[in-house]
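Okay, so here's the structure we're looking at.
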Amino acid sequence: MGKKNKSKQKVSGIEKTAMKTEKKMNSKLKKELQAMGEDDIEKVVAQIEKEEAARQKVVEVVLDQPSRRVNFTLTAHPFKDELVMLGGEFHDGRKTTVYGDMYFYNLNKKTWTLIKAPGAPPPRCGHQAVAIPSNKGELWMFGGEFSSPSESQFYHYKDLWVFNFGEKKWKKVVVPNGPSSRSGHRMVYSKKQLFIFGGFHDNGRDFKYYNDLYKFDLTAYTWQKINIVGSIPPPRSGCIVLPVSDNKILITGGYSKKRIKKDVDMGEVHEDMYVLSPPKGENKDGQWKSVDVKQFGVTFPARCSSSAVLVSPTVAYVFGGVYDDVTVEDEEELHGTFFNDLLALDIEKRHWKIVTVTGDKEKSKRRRRKDDPDAKDDGDDKDDDEDDKEKEENPEPTKVVVDDGVFTMTLGPAPATPTCSVAAEPKTQVFTPSPRINPGLVVKNNVLYLYGGLYEDGDRQYTFNDFYSLDLHKLNEWQTIVPNDVSSQVWLDSESSESESDSDDSSDDEDMDVD
């Protein structure tokens, strides 16, 4: 008679020690949470999902605008003239609020509507969402994270959800073999498939960055992990992932960190670019080939946490981002350079250029006439159009210094790194939204929309709720829908009084009585 449990693997001494250590740390954490009055985060998430599943009706409330936030998604409705905002987070210096709200912005009425729909997913940030035209319009969402107010607990999602625009109802899609729990990943839609790449998982004690690629078949409702061969992109989050023709995937930039020794980590901002190609012929489940490709066009400072959006099938626009100058010995002291330049990437040619906002032409003409009363307008805009074209091909970055009484920001492209040529002083001053990371960036009806994001000034964070638009046909002027008013944001540091914690900025819109 054979031995019992023959196939059971033995656990090594190192693994046993790690398991005991993890158990002790979890026990210690639970005691600390009880002292702070916080519940276990997994129980909190489960309870929220249970409450949302019990919702029976749709409730809609028209509001002025969403609250300040970063790491949310802003998506164009596949049919209507609307934008859809989902989730995000806000930190006031003491506590973090993670949102689970959904807003619709009507482009024609210029109104925001908060929608509470049956079966909604729990709050999250760092997730991804895409809208598709199938089944009268759907919004698909994957992953993200939820944190306790004190940020002592983090919960990373690996769930997949779909919102039907016609029915105004959420559904959780439970399918095996999907990606592991993560946030900071990227998701794109191509030929009735969702592709998910990268991201990270960080529980406050340990972290991991990913470079895996998954696809979800929207017809068969199946997950498949794609086997990549060739020059494989290193793990990263906060990168740019774009669909290319022939079902290819382009990956560039991003951030990752690795452990050098105990309690010492080193971060890296990636500047590389890869193109992943599917197998040819009928072997649809075969290996994908990854190639490290060369980039062309203008050079610009390295960055991560930029926002990117397709403005045509072959061109993407990229806004903002940050470069953290950090050394191994001084990991906690991040010295970030934030950007607000608008870049264009030709996906097929892998060619970068700076998008120049030229300024209002008519305003410029009026200024010229005012400065020179003898100047005449011949009514021919041909020369002006040629000048605009030349400026687009040979842009002159703008620099505008704004001081709103709270802090001073330089608007326009950040100073070039030693690898970039230093631009000459601009001839004109053209408004550009202030530097930031992870704003909402979306295109609808050939208009680029930008909302929110985050900027850091030393130890202080400024989370925005400003809102802008840019006509991509004219490229003449950023229109301000909601101005940038950072002076109204209350920041609570360790010396602030408890009474200051009543700031409206940290309030969760989900606390509104809309049931």
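Here are the numbers for the structure shown:
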{"read-out": "Relative contact order, percent, the stretch 180-251 [alpha-carbon distance under 8 Å, six or more residues apart]", "value": "30"}
{"read-out": "Unit Cα scatterers, Debye sum, the stretch 228-270: log10 I(q)/I(0) for q = 0.15, 0.16, 0.17, 0.28 Å⁻¹", "value": "-0.49, -0.54, -0.59, -1.02"}
{"read-out": "Inter-probe distance in nm under a simple model that places probes 7 Å from Cα toward Cβ, at Asn227 and Lys261", "value": "4.0"}
{"read-out": "Translational D in µm²/s for the stretch 183-237 (Stokes-Einstein at 25 °C, 0.890 mPa s, Kirkwood Rh from C-alpha pairs)", "value": "201"}
{"read-out": "Equivalent ellipsoid dimensions for the stretch 151-196 as semi-axes, Å, which come from the Cα gyration tensor, largest first", "value": "22, 16, 11"}
{"read-out": "At R0 = 45 Å, FRET efficiency that the Cβ-Cβ distance of Ala53 and Arg460 yields, to 0.05", "value": "0.70"}
{"read-out": "Phi to ³J(HN,Hα) by Karplus 6.51 cos²θ - 1.76 cosθ + 1.60 over the stretch 86-99, Hz, x for Gly, Pro", "value": "9, x, x, 8, 9, 10, 9, x, 10, 9, 10, 10, 9, 9"}
{"read-out": "Once the Cα gyration tensor of the stretch 201-297 is diagonalised, semi-axes √(5λ) in Å", "value": "28, 18, 11"}
{"read-out": "Test item: Cα-centred dipole of the stretch 63-164, Lys/Arg +1 and Asp/Glu -1 on Cβ, debye", "value": "160"}
{"read-out": "Net lengthening on full extension, Phe207/Lys109 (0.36 nm per residue, minus Cα-Cα)", "value": "30.8 nm"}
{"read-out": "Positive-end extreme of charge dipole, the stretch 254-313 - chosen from Gln287, Ser256, Met266 (charges on Cβ)", "value": "Met266"}
{"read-out": "Extent along principal axes [Cα atoms of the stretch 62-142; Å; largest to smallest]", "value": "42, 29, 21"}
{"read-out": "The stretch 156-263: radius of gyration and largest Cα-Cα distance (Dmax), Å", "value": "15.3, 53"}
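Since every read-out is calculated from the coordinates, none of them should be taken as a lab result. Since this is a predicted model, take the numbers as computed values, not measurements. Here Cβ is always computed from backbone atoms with ideal geometry, including for glycine, and neighbour counts include all displayed protein chains.
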